[in-house]
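Each value in this text was obtained by applying a stated rule to the coordinates, not by laboratory testing. From a predicted model like this one, the values you see are computed outputs, not experimental measurements. Cβ coordinates were reconstructed from backbone atoms using ideal geometry, including for glycine residues, and neighbour counts include every protein chain displayed.
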Amino acid sequence: MPGMASDAGDQTMIPLSSEVVRDEPEVHPLRLGLRPPISGISISWSRGNLLRVAFFRDHDAPDGGEEDVGGKVVEVRLGGRAIDGCGGVDEARRRRVSYGSVPAFALLQGQKNSFAAVTRMSPYPSLRAEWWENVLDYSKHISSLLGDPKPLLSSVIDDPKTILNKVEEPTYLKAAWELLEIFYVDKQSLAWLPEQLVDWLADYDRLLARESATVHSNLVMLQKKLVSLQVVEDDPEYWEGVSQALAIGWLEIVVKLLRLHGSYQLDQLGDRETENGLVETVAVLVSTMPRMRPDLPPGKLGQCYKTKPDFVKAWEKWREQINKLDCSAFWFQCGHRQTREGLKNLLQIMLGKVNYLNSATGHWMELCISHFLYVRPFTMGLDGTYNLAQKCMQTKPMSQAHTLTGLLIGILGENTEVVLAKCSKAFGPWMVVHAMELLTAENTQAEALLHEERYNLGGISIEELNRLVYAQMLSSEALTWQIAPVYLASCPKQGFGLLDILLYMQPVQHQRVLLKSLEICRLYELESTSSTIMKIAGMYHWKHGRKGSGIFWLQQARDEIRLNRIAQQLFDYIGKSISDDSFKQWEGMIELLGSEVGTAGGLEFLHKYRDYKKFLQHVRDGIAVDVARQAVESLIQLMRSPSTPQRFWLPLLRDSLKLLDWRDRPLLNVPETNLLLSKLQELSMAKLRPDFCQIETSSQDLSSIRLALARNLGRAILEEGNLNLPNIDPHGIHVRAT
């Protein structure tokens with residue numbers, strides 16, 4: 001669909017690198033419930049990314065029931081790992097996200113065009129800051145579409161041993177999007193990057209538990225165990241959980257676990273006063289830990305500092321208090337060994353001892369965050385973060401490669417191609433198309449990479465290629481093709497050409513689809529495409545017997561050529577048999593065609609003939625002489641009009657017999673009667689021409705017409721008092737009946 005590759009021998013429409021190394025092939029189990037033997041298999045594409053697999057049974061095989069007769073057809077969804085196979089985004093939610101992201105994407109494209117026009121005139125840095133805010137609003141809108149983990153229903157009374165709140169399972173898609181927002185868009189958050197990562201890990205550490213042991217998974221197991229523990233401080237897993245939560249900055253969980261210590265019980269408070277004092281002192285130190293961030297969400301602990309000097313001063317004071325406590329003599333008075341050792345471990349973690357951090361974390365991302373919190377607390381931005389991540393990966397490698405960890409490595413390494421590759425492989429075209437706006441927000445290198453026109457892509461950029469691929473995916477589904485034009489219109493090279501193809505492919509027999517296609521044409525000012533679609537719709541309805549709908553759409557398309565052909569067909573139909581019944585059959589179509597000569601060509605005659613027929617109907621119904629006179633005027637206009645075909649003259653004269661034989665007085669004067677006689681004479685002379693069209697009429701009708709004309713002429717002459725006879729050859733009005 002997008003550009004052709006540079007190699008002439010490569011016939012793929014979307015060039016793919018031959019260096020891509022795939023993992024093990026995906027296996028899709030099929031549950032048929034079909035008894036053997038199976039004689040054949042047919043595989044074909046269905047809608048979207050569904051593959052239709054048909055299994056055929058042997059005709060000679062014994063029947064296994066009604067369900068086994070003939071075979072069975074199943075559908076297999078391919079590319080499940082793209083979005084919904086990697087984090088709980090089902091098909092319906094994926095469509096909601098696709099539709100919900102369209103307004104934000106379209107708004108950002110409009111803002112980008114306006115921003116580009118303004119910066120060409122006045123490239124001020126303030127405009128760049130304004131653009132960054134637009135991208136941040138766009139990112140927040142998309143993030144809200146991906147959903148927030150909602151707390152599950154719990155009991156009214158809080159359980160003191162509940163350390164983790166029950167929330168809905170988060171999605172990988174949301175986690176990846178927030179990572180991109182932290183590092184690429186929200187530039188203010190880089191000043192407190194460690195805190196941002198702490199919050200991110202608190203929300204999505206559970207997703208990493210599928211490939212490696214994590215702090216969250218250990219705390220889940222500890223929470224289950226706490227229910228049955230009577231003396232929590234005697235269990236080593238209790239102190240391990242406290243240390244792990246502290247290592248990654250989950251301070252509120254640390255304090256809650258410390259308050260479960262047995263020394264807080266009223267019956268033991270007197271005997272374990274020193275022990276309780278040490279536990280409470282550590283809990284206070286944890287809850288007052290300085291944190292460089294603007295604010296804290298409800299329920300989070302710590303003291304916030306917005307500026308680095310204030311944070312450094314508070315941090316040094318806090319570390320000094322920890323060192324004093326670590327050297328205190330009260331530790332010798334603490335008789336409970338597990339408590340003494342557990343609290344000492346917590347102090348070593350807060351002092352940033354690397355060995356304690358290594359033992360308290362489960363994988364390299366947790367270890368990296370613990371280094372940010374306690375070893376390198378003054379880190380701002382991405383300085384040295386990639387090297388730190390590499391060292392942590394060597395110390396705490398994960399058992400399996402993970403989508404989010406690979407994405408984070410690409411981000412820290414500032415490798416745009418790796419980030420795009422991870423997004424494409426794990427989350428599909430939607431993620432790539434919308435994430436590119438984040439990657440290029442403040443990164444001129446990424447902007448140059450994605451916007452560079454490449455010869456091997458047919459002269460288009462990577463950005464346009466991915467938008468075309470995503471639009472193609474949307475176009476393949478009946479429920480999402482309507483939003484594909486938004487992305488095609490943002491592709492300057494090939495977008496509008498493919499948009500025309502997309503609109504031409506839509507079925508015109510469905511009224512809603514047709515109206516939607518025309519609305520898209522109106523929005524993007526595709527007048528030629530709109531006209532062609534209406535012509536296609538008109539011809540489709542005409543060929544399938546819906547003549548009125550066909551004429552309507554051809555009129556909307558201003559297709560004079562086809563409308564004139566239809567008018568000629570009407571002439572042929574009505575001219576062969578111009579009885580009242582045959583005319584009524586086509587009267588509605590004549591009405592629909594309209595009376596404008598410029599639109600429908602020679603249909604001017606049919607509209608006048610329709611009016612003439614209406615007047616005659618009223619005359620037959622016994623209406624007054626005024627209506628009869630209107631019928632005569634309509635008849636004279638028809639006979640004088642050059643648009644009246646010659647083959648209609650005799651039928652018109654035959655229909656006028658009642659007017660010619662009007663009882664009270666002649667309705668036609670002498671000039672009008674002479675006009676009709678001259679037409680009859682001209683018709684008798686026209687039969688000598690080779691292109692003369694014979695009219696089926698009886699000799700009795702011709703005799704009646706001649707007699708009525710002669711009688712009306714005489715009566716008109718007498719009424720006008722004019723005795724001069726007209727100079728007419730009596731033999732000229734003889735017309736032989738066929």
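If r is the Cβ-Cβ distance from Asp664 to Val513 and R0 is 60 Å, what FRET efficiency results, to the nearest 0.05?
0.50
Computed FRET efficiency, Cβ-Cβ of Ile501 and Asn564, R0 30 Å: what is it to the nearest 0.05? Please report the intermediate quantities before stating the final value.
Values: r = 30 Å, r/R0 = 0.99.
It comes out at approximately 0.50.
An ellipsoid equivalent to the range 328-375, defined through the eigenvalues of its Cα gyration tensor, has semi-axes of 26, 11, 6 Å when rounded to whole angstrom and sorted largest first.
Would you mind putting 255-267, 407-419 in packing order, based on average other-beta-carbon counts within 10 Å, highest first? Spell out each step's value before the answer.
Details: 255-267: 17.1, 407-419: 19.1.
In descending order of packing, they fall as 407-419, 255-267.
When you count the other C-beta atoms within 10 angstrom of each residue and take the mean per peptide, 295-304, 380-389, 136-145 line up highest first as 136-145, 380-389, 295-304. Report the rotationally averaged projected area of the range 404-556 based on its alpha-carbon convex hull, in square nanometres. Computing the convex hull of the Cα atoms and averaging its projections yields 10.6 nm².
How long are the three semi-axes of the equivalent ellipsoid of the range 490-543, in whole Å, if each is the root of 5 times an eigenvalue of the C-alpha gyration tensor, listed from largest down?
21, 10, 10
Would you mind calculating the gained length between Gln268 and Lys317 on full extension (0.36 nm times residue separation, minus the Cα-Cα distance), in nm to one decimal? Kindly include the intermediate steps, with their values, before the conclusion.
Details: separation 49, 0.36 × 49 = 17.64 nm, distance 3.29 nm.
Going from the current span to full extension adds 14.3 nm.
Quick one: pull the percentage of alpha-carbon pairs in the range 266-317 with a separation above 18 Å. Could you put the intermediate results ahead of the total?
Numbers: 628 of 1326 pairs.
Distances greater than 18 Å cover 47 percent of the Cα pairs.
Using only the C-alpha atoms, the convex hull of the range 228-367 corresponds to 125 Å³ per residue. Residue ranges 171-183, 650-662 sort as 171-183, 650-662 when ordered by packing (mean number of other C-beta atoms within 10 Å per residue, highest first).
Percentage of Cα-Cα pair distances in the range 438-483 greater than 16 Å, rounded to whole percent?
Numbers: 517 of 1035 pairs.
Cα-Cα pairs of the range 438-483 separated by over 16 Å account for 50 percent.
What translational D, rounded to a whole number of µm²/s, comes out for the range 338-471 from Stokes-Einstein when the hydrodynamic radius is the Kirkwood one over Cα pairs, at 25 °C and 0.890 mPa s? Result for D is 142 µm²/s.
Using only alpha-carbon positions in the range 218-279, the gyration tensor eigenvalues give semi-axes of 21, 14, 8 Å once each is multiplied by 5 and square-rooted (largest first).
What FRET efficiency comes out for Arg522 versus Gln637 if R0 is 45 angstrom and r is the Cβ-Cβ distance? Round to the nearest 0.05. If you can, show how the numbers build up before the last one.
Numbers: r = 40 Å, r/R0 = 0.89.
Calculated value: 0.65.
Here is the link list: Lys256/Lys317; Lys140/Lys516; Lys613/Lys658; Lys353/Lys391. Which ones come out longer than 21 Å on Cα distance? Pairs exceeding the cut-off: Lys256/Lys317; Lys140/Lys516.
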